[in-house]
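**Q** Dropping a structure here in structure tokens format, bear with me for questions.
All of the numbers you see were taken from the coordinates with simple rules; none came from a lab. For clarity, every value in this text was computed on a predicted model and none was experimentally measured. All Cβ positions, glycine included, derive from the backbone under ideal geometry; neighbour counts span all protein chains shown.
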Amino acid sequence: MIAASPPVIPNFGQGSPCEVNNGTFCWDWVVEHWHDTLWPALVQHIELALIAVAIGFAIAFLLALAGLRYRVLDAPIGYWADFLYTIPSLALFQLLVPFTGITVLTVEIALVSYTLLVLYRNMIDGLLAVPAEVIESARGSGFTRTQTFLRVELPLATPTIMAGVRIATVSTISIATVAATILPQGLGYPIFIALRQDVFKTEIFAAGALAVALSLTADGLLHLLERALTPWTRQVRHA
Amino acid sequence: MFRKHTRRAAKAAYAVSLGVALLIGLIGAAASTAATAKPQAAPTIVIGTKNFTEEYVLGQLYKQALEGAGFKVSYKENIGSSELIDTAITSGKINFYPEYTGVIVQDLAHKTSPKTAAATYAAAKKWEQTRGLTLLNATPFYDSDSFGMLTSTAKKLGVKTIGDMKKVKSFTFAGYPECDKRITCLLGLKQIYGLTQAKFVQLASISVYTLLDEGKITAGDVFSTDPQLAGTKYTVLTDTKHIFGFQNVAPVVNQKVLSEAGPTFAQVVNAVSAKLTIPAMIAMNKAVAIDKASPAAVAAGFLKANNLK
Amino acid sequence: MTLADQFQPGTFVDALRFIVDNIGFLLHLAGEQLELSFAAIGIALVIALPLGLWLGHKHRGLFLAASVSNVGRALPSLVLIAFGLVIFGLGFWNNTAALVVLAVPPILTNAYFGVDGVDPDVVEAARGMGLSERQVLTQVELPLGMPLVVGGIRIATIFVIATATIASIAGGGGLGDVIVNQATYGLAGVVGASLCVSLLAFLAAFLLGLLHRAVSPRPVRGA
């Protein structure tokens, strides 16, 4: 340990009285740290959730096709998705780290796993709920199997499938906050840091409010999308 | 039946949605794998930090100094305790992190504490070198665990040194989860000071000071450079038997990465370490923990003021 | 280290051994978690069940029931736990309150739709027979709406038990204490404790599933 000339310690300034005394909500902190803390966390969170739901949708769709075609697969796929869902997210993230490291990939694998339960169930249930007579009538009119699927079964199953997408999206946004236990990204990260800093209220409220707002916005947008995709069901529907 | 254009619209919407979903998914997956699979000329320094304020500051200091010197840095903050981050570096998930020399010797290598700070550093370096790692220069400042409590509690119990706690019939002691098993923490308190009546309270995400303020614990594991200790509200009991060891900071780095990175790498890091004195660390810890500045901004300010960036 | 060095079956076996070696400790933690969960569900039942049943009976408050469901789903559990800690400080109430907020929406919404969806003809007939409003609700609508009502309680219970794991970061105790503490208990401990959580959740789902079948009219059970 070589002695060097003493360092210059710059004046780091003082926190506002609100910040120093851990007031309930310090707007000055929010304004000051929007760009370096809150906004990046929000963007990361949106990315994590978007990728997870997109991949989950694709996988669940393929699984649903398989489960539909080979009905014997339905139960095992269903149980597997159910089981994935009961693994506490706190644990699943940690369990994947030795395999895929402290990376976005690890988080995505976990998030996608959790979407599969809802997405798979809703896709299968939606497609199975199409009345047999409707399918027969379509086949009878000369539609091929594929045409029947694309033009009759899918549209009829859309409300149920979209309901699943809504639930999956909202729960992904929620679970992604826990990803901060292994990866310093997303809105969960400021919350964990703030908890450790003598429960810094402002940061917790700010990041938490953003997470709730993100979740509500996503749910609302998907609700609009659902209505746009199913114009023939424009009556009052139970949400 | 359904009007033709409605069916077609739904079909088109589905195709588009599925296509977009697949596209987003593939791009996302490709982006994250590409980021980890690119072949590099100079190695990427993957810096990890432990899970408390001082480590965030140290991490940012080294990160920004190295980036300023032209190195590519990947930053993984808040990995966890020494035991966890040690696994991370030996399994190659990171290749650089700031560690406390006493923790290496006593808690990771499970050896007894040497008698001086220099001896502790040498022992730590020797041990890490048997594992494909090594230490760069140590900092002037040290930050050891300490036995902290509210000043009012200390007055009420009439205790000044840790040994004085023997007369207290039972008390609770809070610490990070690993404290329970460490000779530089609760284990040492029980075995070396004989404080077997101590009951351990595990911290998860909340700080010791919160628990002390709320009266939930008698005492807790605090760090000697915590800015909260600057005032009179909290007191630290004297460690007469020196169980907390010598705790200067030295960056642990993967030997291979060190040799591949070239001589500038060690120079830059050591230059930063040399400037980290106790007053400097306390000032930076205070700025982050009390004044709620971000570790990145505080580190940037310090590096700039000392021409290290 | 290669992937082979950390091959999962080894960890899984270690996890089972961890459970066996620490069965008393894990049972104690499971007890803590269930205690917290039942307290929250109990309070949620008191708040949400009467309200949902009454609103459903009156066929009023559809918007409220639907919104509570939507908003409730959108509240990230970690955020609720953190808010609870900020508002109540460390103790019993911070986690209990957060879990109550999580449990209320499914109970309220399902109670509403369970009663609201009863065949109106049957309700009319009951009124015609001279039953008071209260009797209509308790003797006709509630029994017929039981499947949905119990279904909502089942969802809430599973959700609360699973989320109580996260409450450990705010002093809630329970199996989460092991899961957040890989440093002390190792990966085997983390896997072991989460297997226990899964087991608890499955158990709750199963028992309430039995109740659900018991209150469902026979023809519906086949679904």
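**Q** Using alpha-carbon pairs under 8 Å, 6+ residues apart, how would you state the relative contact order of region B:186-277 in percent?
**A** Reported as a whole number, the value is 20 percent.
**Q** Compute the Cα gyration tensor for region C:27-89, then decide on rounded, prolate or oblate, letting a ≥ b ≥ c be the square roots of its eigenvalues: rounded whenever a/c is under 1.5, prolate when a/b is larger than b/c in the other cases, and oblate in all that remain.
**A** Since a/c reaches 1.5 but b/c is at least a/b, the shape of region C:27-89 is classed as oblate.
**Q** Treating the Cα atoms of chain B as identical point scatterers in vacuum, please give the log10 of the normalised Debye intensity I(q)/I(0) at q = 0.12, 0.13, 0.16 Å⁻¹, two decimals.
**A** For the requested q values the scattering log ratios are -0.83, -0.94, -1.32.
**Q** Give me the percent relative contact order of chain C, please, defined on Cα pairs under 8 angstrom at least 6 residues apart.
**A** 28
**Q** Averaged over C:181-189, how many beta carbons belonging to a partner chain fall within 10 Å of each residue's beta carbon?
**A** Mean shielding count: 6.
**Q** Kirkwood hydrodynamic radius for the protein assembly as shown: how many Å is it when counted over pairs of different Cα atoms?
**A** 28.6
**Q** Return the average number of partner chain Cβ atoms within 10 angstrom of each residue Cβ along peptide B:77-84.
**A** Neighbouring Cβ atoms belonging to other protein chains average 5 per residue here.
**Q** Report Rg(Cα)/(2.2 N^0.38 Å) for region C:160-223, keeping two decimals.
**A** Scaled against compact globular proteins, the figure is 1.53.
**Q** For region B:161-211, report the translational diffusion coefficient in µm²/s to the nearest whole number, using Stokes-Einstein at 10 °C, 1.306 mPa s, and a Kirkwood Rh over Cα pairs.
**A** Estimated via Stokes-Einstein, D reaches 141 µm²/s.
**Q** Same structure, new question: Between 0 and 90 degrees, rounded to the nearest ten: what's the tilt of helix C:77-88 against the longest Cα principal axis of chain C?
**A** Roughly 90 degrees, rounded to the nearest 10.
**Q** Continuing with this model, one more query. How far, in degrees from 0 to 90, does helix A:104-128 lean away from the longest principal axis of the Cα atoms of chain A, to the nearest 10?
**A** 30
**Q** Still on this model: What list do you get for C:His28, B:His110 if you sort them by fewest beta carbons within 10 Å?
**A** B:His110, C:His28
**Q** Oh, and also: Count the net charge of all other residues whose Cβ sits under 12 Å from the Cβ of A:Phe192, scoring Lys and Arg as +1 and Asp and Glu as -1.
**A** -1
**Q** Place a +1 charge on the Cβ of each Lys and Arg in region A:29-230 and a -1 charge on the Cβ of each Asp and Glu, then give the dipole magnitude about the Cα centre in debye, rounded to the nearest 20.
**A** 460
**Q** Below 12 angstrom from the Cβ of A:Val212, what's the summed charge of the other residues (Lys, Arg +1; Asp, Glu -1)?
**A** Local charge sum for A:Val212: 0.
**Q** Another question about this same structure. Compute and list, largest first, the equivalent-ellipsoid semi-axes of region B:145-237 from the alpha carbon gyration tensor, each √(5λ) rounded to a whole angstrom.
**A** Semi-axes from the Cα gyration tensor: 18, 16, 12 Å.
**Q** Residue by residue through C:169-179, how many Cβ atoms from other chains fall within 10 Å of the Cβ on average?
**A** 4
**Q** Per Stokes-Einstein, at 10 °C and 1.306 mPa s, what whole-number D in µm² s⁻¹ belongs to region B:251-296, with the Kirkwood radius over Cα pairs as the hydrodynamic radius?
**A** 126
**Q** Quick one: net charge around C:His57, please, counting Lys, Arg +1 and Asp, Glu -1 for every other residue with C-beta under 12 Å from its C-beta.
**A** Counting the neighbours of C:His57, the net charge comes to +1.
**Q** Output the antiparallel fraction of DSSP beta bridges having both residues in the protein assembly as shown, as a percent to the nearest 5.
**A** 55
**Q** Further question on the same structure: Please state the shape class of region C:84-223: rounded when a/c is under 1.5, otherwise prolate if a/b exceeds b/c and oblate if not, all from the C-alpha gyration tensor.
**A** oblate
**Q** Would you mind calculating the relative contact order of chain B from Cα pairs under 8 angstrom and at least 6 residues apart, reporting the percent as a whole number?
**A** Relative contact order comes out at 26 percent.
**Q** Arrange C:Phe113, A:Phe12 by Cβ neighbour counts within 10 Å, fewest through most, would you?
**A** Result, fewest neighbours first: A:Phe12, C:Phe113.
**Q** Quick check: convex hull of the Cα atoms in region A:29-230, volume per residue, rounded to a whole Å³?
**A** Expressed per residue, the convex hull around the Cα atoms of region A:29-230 is 122 Å³.
**Q** If we sort A:85-92, B:63-70 on the protection proxy, mean other Cβ atoms within 10 Å, highest first, what's the order?
**A** Result, highest mean first: A:85-92, B:63-70.
**Q** In whole Å, what is the distance between the alpha-carbon centres of region B:117-191 and region C:167-190?
**A** Here the answer is 23 Å between Cα centres.
**Q** Something else about it: Can you put A:Glu133, A:Glu153 in order, fewest other beta carbons within 10 Å first?
**A** A:Glu133, A:Glu153
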